[in-house]
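Just so you know, all these numbers are worked out from the coordinates, no wet-lab data involved. The shown structure was predicted, so the numbers you read here are calculated from the model rather than taken from an experiment. Here the Cβ is made from the backbone with ideal geometry for all residues, glycine too, and neighbour counts use every protein chain on show.
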Amino acid sequence: MHTDLIFYAIAIPAVVLMGLAKGGFSGVGQISVPLLATVVSPVQAAAILLPILLVQDAVGVWAFRRDWDAHILKVMVPGAAVGILAGYLLASWVSVSAVLATLGAISIVFALYQLWARRAARALAAPPRSSTIMGFTLGIASGFTSQLAHAGLPPFQMWVLRKRLPPAAFIGTAALFFAIINWVKVPAYAALGQFTRENLFAALTLMPVAIASTIAGVALVRRVPAEGFYTLIYLLMIAVGVQLIWKAIGFG
C-alpha cells in the first residue's frame, strides 16, 4: 500500500462518493473503486471497500426500508449470484493488467452511458417491453461487474429504470439489491485472500467517513440539485478509466 497520506487522500473522497450513492445519489459511487485503484491494486481496492459497503448498505436499507419492489429482487438477485461467481473466477485467473483494463472500460462505458441518458431523457421515458429473461441477464451482468469493481449499478439501471418506479422505490430497491449481493461477495473475497489485516484496518479507519457520508446522502438527496455534480463525476470517471487502461497497457 502507498504511504498513508497518499492512500487516505484518495480513499476518503472515494468513500464519501460511495456514501452519497448509498444515500440516494445513484451512480456517483461507481468511481470509488477506479479512484482507489490508482494507488492500490484494483482487487485490493475492492476488498478494502467491501466491508465499508456492507455498513453503508445497512444505513441505506434502513432509510428506505418501506420502499422497494419485490419482483425486481426475485428476478435479478439469482442472476447476480451467477455473475458474482463469474467475476470471482475472472479475478482469480487473469492478470492485474487485464483487471485494470476491464475496470477502466467499465468506468468509461458507464460514464458515457449516463451522460447520453441525460441528453436522451425523453427517449428513455417511453419504456420498451421489459422481460424477465432480460432482467435475469442484466442481473448476471450486475453481479459480474459488482464482483469485479463494485460497479453493478449500470446493468441494474438498464432494466429497472424502464419500470418507472417512484424515486424512493428505485432507491430502496437498489439499496436492498446491492445489500444482498454485497454479502454474497464476501466468501469470494475471502477465498481470494483479500481480507488481510492491512485491508481490514484500512476499512475500519474509513468507516466513520462512510457512515457520515451515507447519512448525508439520505438527508441531501431530496434537497440538492445534482445535475452539475453528476456531470462532473461522470467526466472524472472517464478520466480515471482512461488512466487505468493506460496503466494496464504498460504506460502508467
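Looking at the chain, the pairs of alpha carbons with a distance over 35 Å make up 8% of the total. Choose one answer from GLY193, GLY79, GLY87: the residue with the largest mean-square fluctuation in a GNM of the chain with alpha-carbon springs under 10 Å. The residue that fluctuates most here is GLY193. Short to long, the 5 Å bins of the Cα pair-distance histogram for segment 58-205 hold 2, 9, 16, 19, 21, 16, 10, 5, 2, 0 percent of all pairs. When shorter helices are ignored and each DSSP H run of at least 4 residues is given -39500 (n - 2.57), the per-residue value for the chain at 222 nm works out to -26000 deg cm²/dmol. What is the count of Lys pairs in the chain whose alpha carbons sit under 26 Å apart, if the two are 8 or more places apart or on different chains? So the count of such lysine pairs works out to 5.
Counting only the Cα atoms, segment 161-251 fills a convex hull of 177 Å³ per residue. Between LEU89 and ARG222, the FRET efficiency estimated from the beta carbon spacing at R0 = 45 angstrom works out to 0.65. Packing order of peptides 34-40, 201-207, 15-21, highest average first: 15-21, 34-40, 201-207 (average count of other Cβ atoms within 10 Å over each peptide's residues).
With the convex hull drawn over the C-alpha atoms of segment 10-70, the volume per residue is 82 Å³. Between the Cα long axis of helix 167-191 and the first principal axis of the chain there is an angle of about 30°, rounded to the nearest 10. Computed packing ranks the peptides 100-112, 156-168 as 100-112, 156-168, most packed first, by mean other Cβ atoms within 10 Å.
Looking only at LEU138, LEU153, LEU232, which one moves most when the chain is put into a Gaussian network model with springs between Cα atoms under 10 Å? Highest fluctuation among the options: LEU232.
Just to confirm the number: angle between the C-alpha axis of helix 4-22 and the first principal axis of the chain, 0 to 90 degrees, nearest 10? Taking Cα atoms only, the helix is inclined about 10 degrees.
Any idea what angle helix 227-248 forms with the longest principal axis of the chain, computed on alpha-carbon atoms, 0 to 90 degrees, nearest 10? So the inclination is approximately 40 degrees.
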